[in-house]
Structure formats: structure tokens, C-alpha cells
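The structure appears right after this line, and notes come after that.
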Amino acid sequence: MAVKNLLIKNNIYDGVRAVIQASQSGVDTYYYTEARGDRYYYSVTGSTQSPTLETVNFNAYLSFTMSGAVTYELQMIPMGTGDTCFLNMSCTAVNASGSKGYLSKVFGGFRHSGSALTRIGGSIDYETKTDFTTVGVSFSASGTQSVRMVLTGQTSEVIDWDIYVNYTKGYHTLTTGGGGGGGGTPWYPVPPSA
């Protein structure tokens, strides 16, 4: 009996438009960004079944200004049962006069068990340099639906943010047997049609 191996296929996508919802004091704002990345599919060699999406990576950029000691919550990565995400992001901020700055390198990830969205290893690592007292970035679970990024401002400061978005989302269809978007959620952002 012959053993059939998997064939892995990479489809690059570019010009994908993502919509990221942000909330501040109950007011929703929508940010639109174009992104690029890779989609990796697998299929069993010799099978007539359509290739199944296994993982995607996503690279984009966000920029916006916040004023005062406000908090922005951005719903960044939709998650479903069996999904994982790996964060590797960079965040920079500077005040209006250019007298204070903030840098943070974010490393970590989440997994979705079906009943909980949990940080892998229990925490996210932040390597931070700052001239501010309260400005910061953090990542947490937004219920079981998505990974949330929270940005915090500072009293009497107008702050310009640059967020370099980089994450990889795994659907783990090899273990779950799912198809298309993996664990039951559609993959996002959707690439342009071929």
C-alpha cells in the first residue's frame, strides 16, 4: 500500500482590504487598510478533493491620532474553534510636539478551544520604550470572537500612532478535518478573487 503525502500550495495575495472596528467610549470607528500576505493550502496527493486552507499571514499598517486619556479598543483578528494566531507586531507613537515617544514590540498568540479564547503560554510579551506615563498597547480576548488590541492615551497629550500589523492565523484543518476557513469561521481578510 502506498502512502500519500500532502502537497502544500502557497497563494500570495495583495491589495486585500481589511476593515478593523475600533471603539472609544461607545463610539465605533472603522479603519480600512490594504494588506498583503500568503495563503497556504494542503491537499492529499492524488486526491480529487479541493485544496483546504491551512494558514494565512497578514501584513498591514494602521495610523490614527488620539487625544487625551482615552482608550481605543480595536477588534483585530476574528477567531473560531481550533484557530490559533501568532502576533508579531510593532507599535510606535509620538506626541504632537515630538517631545515624547513610545515604542513597543509585541510577541505572543492565542488559541480557541471552542469555549474559550486563551493566550498561549498565559501571557503576551511586550518589549517597550516610552517617554510617557500612561500610554500603552495591550492584547486580550474579546469574548470568544476575536483578539482585541487596546491602546491607551495620556491626559493633555495628542498622540499619533503607527501600528505595523503582522500576524499569522492557523486553521489547523489537518487536525480538525475542517475545510475552507478551518474551525468554522471564515478567514479574514478575504483575498481578491483569482
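The values are calculated or read from the model by the stated rules, or taken from the named source; none is laboratory data. Here the structure is a predicted model, which is why all the values come from computation and not from measurement. Every residue, glycine among them, receives a Cβ derived from its backbone with ideal geometry; neighbour counts consider all protein chains shown.
Return the only residue of ASP38, ASP28 being farther than 20 Å from SER142 by Cα and surrounded by fewer than 16 Cβ atoms within 10 Å (Cβ to Cβ).
On the way: ASP28 fails: farther than 20 Å from SER142 by Cα.
Result of the check over ASP38, ASP28: ASP38.
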Of PHE64, PHE139, PHE86, which residue is over 28 Å from ILE8 (Cα atoms), aromatic (Phe, Trp, Tyr) and surrounded by 16 or more Cβ atoms within 10 Å (Cβ to Cβ)? PHE139
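Looking at GLY121, GLY114 in this structure, which one is outside any strand (DSSP E or B), at pLDDT below 95 and within 19 Å of the chain's Cα centre (by Cα)? Walk me through it before giving the result.
Working: GLY121 fails: at pLDDT below 95.
Result of the check over GLY121, GLY114: GLY114.
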Among THR152, THR128, the single one that is on the phi < 0 side of the Ramachandran plot and in contact (Cβ under 8 Å) with a residue 40 or more places away in the chain is THR152
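Kindly establish whether GLY98 is crowded, with 19+ Cβ neighbours inside 10 Å and either farther than 18 Å from MET149 by Cβ or aliphatic (A, V, I, L, M) (or both).
Details: crowded, with 19+ Cβ neighbours inside 10 Å: no; either farther than 18 Å from MET149 by Cβ or aliphatic (A, V, I, L, M) (or both): yes.
In short, no.
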For LEU103, work out the one condition from (1) in contact with an Asp or Glu (Cβ under 8 Å, 6 or more places away or on another chain); (2) in a strand (DSSP E or B) it doesn't fulfil. (1)
Which of (1) more than 21 Å from the chain's Cα centre (by Cα); (2) among the aliphatic types (A, V, I, L, M); (3) under 24 Å from GLU127 (Cβ atoms) is the odd one out, the single condition LEU74 does not satisfy? (1)
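Could you list all residues from the range 49-61 that are among the hydroxyl-bearing types (Ser, Thr, Tyr) and either modelled with pLDDT of 80 or more or surrounded by 15 or more Cβ atoms within 10 Å (Cβ to Cβ) (or both)?
Keep residues of the range 49-61 that are among the hydroxyl-bearing types (Ser, Thr, Tyr), which gives 50, 52, 55, 61.
Across the range 49-61, the qualifying residues are THR52, THR55, TYR61.
Can you name every one of the strands (runs of 3 or more DSSP E) wholly within the range 1-96 that holds 2 or more residues which are more than 14 Å from LYS169 (Cα to Cα) and free of Cβ contacts under 8 Å to residues at least 60 places away in the same chain? Lay out the reasoning, then the answer.
Numbers: elements: 6-24, 27-44, 52-67, 71-78, 84-95.
Counting at least 2 such residues, we get 6-24, 27-44.
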I need the full set of residues from the range 115-171 which are touching a Pro at 6+ places or on another chain (Cβ under 9 Å) and among the aliphatic types (A, V, I, L, M), in order please. VAL147
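Being part of a loop (DSSP other than H, G, I, E, B) and without any contact (Cβ under 8 Å) to a residue 60 or more places away in the chain is the filter here; which residues of the range 131-149 pass it?
Step one: of the range 131-149, the residues part of a loop (DSSP other than H, G, I, E, B) are 131-135, 143-145.
Residues satisfying the conditions are ASP131, PHE132, THR133, VAL135, GLY143.
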